Amino acid sequence: MMRSLALAILGTLISVSVPTRGPAAESWVKVGVLHSLSGTMAISEVTVKNATLLAVDEINAAGGVLGRRVQAVVEDGASEPATFAQKAQKLIQQDRVATVFGGWTSASRKAMLPVFERFRHLLWYPVQFEGNECSPNIMYSGAQPNQQLLPALDWAFQRGHRQVFLVGSDYVFPRTANLILKKHIKERGGVVAGEEYVPLGGTDFSSVVNKIRASGATVVFNTINGDSNVAFFKQMAAAGLTPDKLPVMSFSIAEQEAKAIGPSLLAGSYATWNYFQSLPLPANRRFVAAYQARYGRDAAITDPMVHGYVDVLLWKAAVERAKSFEPDSVRKAAVQLPWLETPMGKVRFDRNQSLYQVAYVGQLDRSGQFRILWDSRQPIRPEPYDPLVFPGKTCKLH
């Protein structure tokens, strides 16, 4: 009965409640799952929510955490930073969750940050971002710039692509990411061929495409987020700028987005992540099989999805090490955890509350999967503050 109740809870998209009084309540611990289930970012975030719930379900099937079953309270950030902040406060104050998993855009994370700091709570953030942030109330499992942006730049330069056009959505992550990239492009003797931004959710790239075509760029670095990528790649193709003519390196397109946009449109383009579905690891094969058994045998698996899944496992391990659900105790225990074997390989948190992880460069094929072309071989230590851009600035949390 308890297992069927857990499955029913995990399958819903709305927040539900369990008894808050009496012995039954003591057998549950609530966690928040906060992602965009509607709006421009839903194309990316719904599946991260799915992977997070899969981890919760697996934990419950194995007996829970500290003898308690986990109830996921799911909320929709609706692709609006202000909504993320409101829902985060609701999860903490009304639902009294032990922790929160979620967020994608840096705008949503920055909107939530003061909420978690005010209530001394803990957010597990699963997506690559621009760095330049260090809060004791966030566990940053997504890539720092030195684990995604800079390996991609090194890889492009090694192949002679030294004239780089930067295009992104107009918000925090793309602008700060490109600030870092511009510094490193110039430091390495390259050329910034152009830099353009469109509103998040924007669909008119005619001017941007014309500027790319006239720029002389030999590679495009793409930090466009969400369903705007559909319009961007269609308009690039219509202008004759297909991936075989002008390589595009993307930082927010993974297998799920490729499937939604159309692999034939993106085939030959590149991406840099810390995980690809094609990663040949036993733990990854088990994870992919479990996810597809639950959400469909053709379901695509992405880097943020795996980070969302792994975050729950890391939280469980930290809770058990701390012997407590209290957020501050959990975060202190999290940075003391040993290496954990996961679908993306061995990972662990640094004392700056960011994750050691391997970087991979992949090229998309027509099946919608990435062929891994390069990897860093060893997990890269996360650096929240790029020394070239933020000299002397460090992150000291423990």
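For Y197, indicate whether it is assigned by TED's automatic domain parsing to the domain that holds A214, out of contact with any Asp or Glu (no Cβ under 7 Å at 6 or more places or on another chain) and among the aromatic types (F, W, Y).
Criteria not met by Y197.
Can you tell me which of L355, L314 is in contact (Cβ under 8 Å) with a residue 12 or more places away in the chain, assigned to a strand (DSSP E or B) and either under 30 Å from E117 (Cβ atoms) or among the polar types (S, T, N, Q) (or both)?
So the residue among L355, L314 that is in contact (Cβ under 8 Å) with a residue 12 or more places away in the chain, assigned to a strand (DSSP E or B) and either under 30 Å from E117 (Cβ atoms) or among the polar types (S, T, N, Q) (or both) is L355.
Given the structure, is G168 on the phi > 0 side of the Ramachandran plot and not hydrophobic (A, V, I, L, M, F, W, C)?
Against the criterion (on the phi > 0 side of the Ramachandran plot and not hydrophobic (A, V, I, L, M, F, W, C)), G168 does not qualify.
Just need a number here: residues in region 53-90 that are of a type outside the set (G, A, S), under 21 Å from D227 (Cβ atoms) and part of a helix (DSSP H, G or I).
Count: 3.
Report yes if some residue within region 2-22 is surrounded by 14 or more Cβ atoms within 10 Å (Cβ to Cβ), more than 26 Å from the chain's Cα centre (by Cα) and at pLDDT 65 or above; otherwise report no.
no
Go through (1) of a type outside the set (S, T, Y); (2) in contact (Cβ under 8 Å) with a residue 12 or more places away in the chain; (3) in the same structural domain as V209 (by TED's automatic domain parsing); (4) in a helix (DSSP H, G or I) one by one and return the number of the condition F165 breaks.
Answer for F165: the failing condition is (4).
When you scan region 372-394, do you find a residue that is out of contact with any strand residue (DSSP E or B) (no Cβ under 6 Å at 6 or more places or on another chain), among the aromatic types (F, W, Y) and more than 20 Å from A55 (Cβ to Cβ), even just one?
Looking for residues that are out of contact with any strand residue (DSSP E or B) (no Cβ under 6 Å at 6 or more places or on another chain), among the aromatic types (F, W, Y) and more than 20 Å from A55 (Cβ to Cβ), one finds at least one in region 372-394, hence yes.
Name the residues in region 274-313 that are aromatic (F, W, Y) and under 14 Å from S141 (Cα atoms), would you?
Correct list: Y275, Y309.
Let's see how each residue does on (1) more than 21 Å from the chain's Cα centre (by Cα); (2) not charged (D, E, K, R):
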position: Q94; (1), (2): yes, yes
position: G102; (1), (2): no, yes
position: L122; (1), (2): no, yes
position: S141; (1), (2): no, yes
position: L149; (1), (2): no, yes
position: F157; (1), (2): yes, yes
position: L166; (1), (2): no, yes
position: D170; (1), (2): no, no
position: E187; (1), (2): yes, no
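Can you give me the ranges of the helices (runs of 4 or more DSSP H) entirely in region 209-306 with at least 1 residues that are assigned by TED's automatic domain parsing to the domain that holds W104?
282-295
Quick grid of which residues meet (1) under 29 Å from P243 (Cα atoms); (2) surrounded by fewer than 19 Cβ atoms within 10 Å (Cβ to Cβ); (3) aliphatic (A, V, I, L, M); (4) within 19 Å of the chain's Cα centre (by Cα):
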site	(1), (2), (3), (4)
P327	no, no, no, no
P338	no, yes, no, no
N352	no, no, no, yes
G362	yes, no, no, yes
R366	yes, yes, no, no
P384	no, no, no, yes
F390	no, yes, no, no
C395	no, no, no, no
H398	no, yes, no, no
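Can you tell me which residue within region 73-112, out of those that are touching a Ser or Thr at 6+ places or on another chain (Cβ under 7 Å) and more than 12 Å from M41 (Cβ to Cβ), is surrounded by the most Cβ atoms within 10 Å (Cβ to Cβ)?
Here the residue is F101.
The values are calculated or read from the model by the stated rules, or taken from the named source; none is laboratory data. This is a predicted model, so every value here is computed, not measured. In this analysis, Cβ positions are derived from the backbone assuming ideal geometry, glycine residues included, and neighbour counts consider all displayed protein chains.
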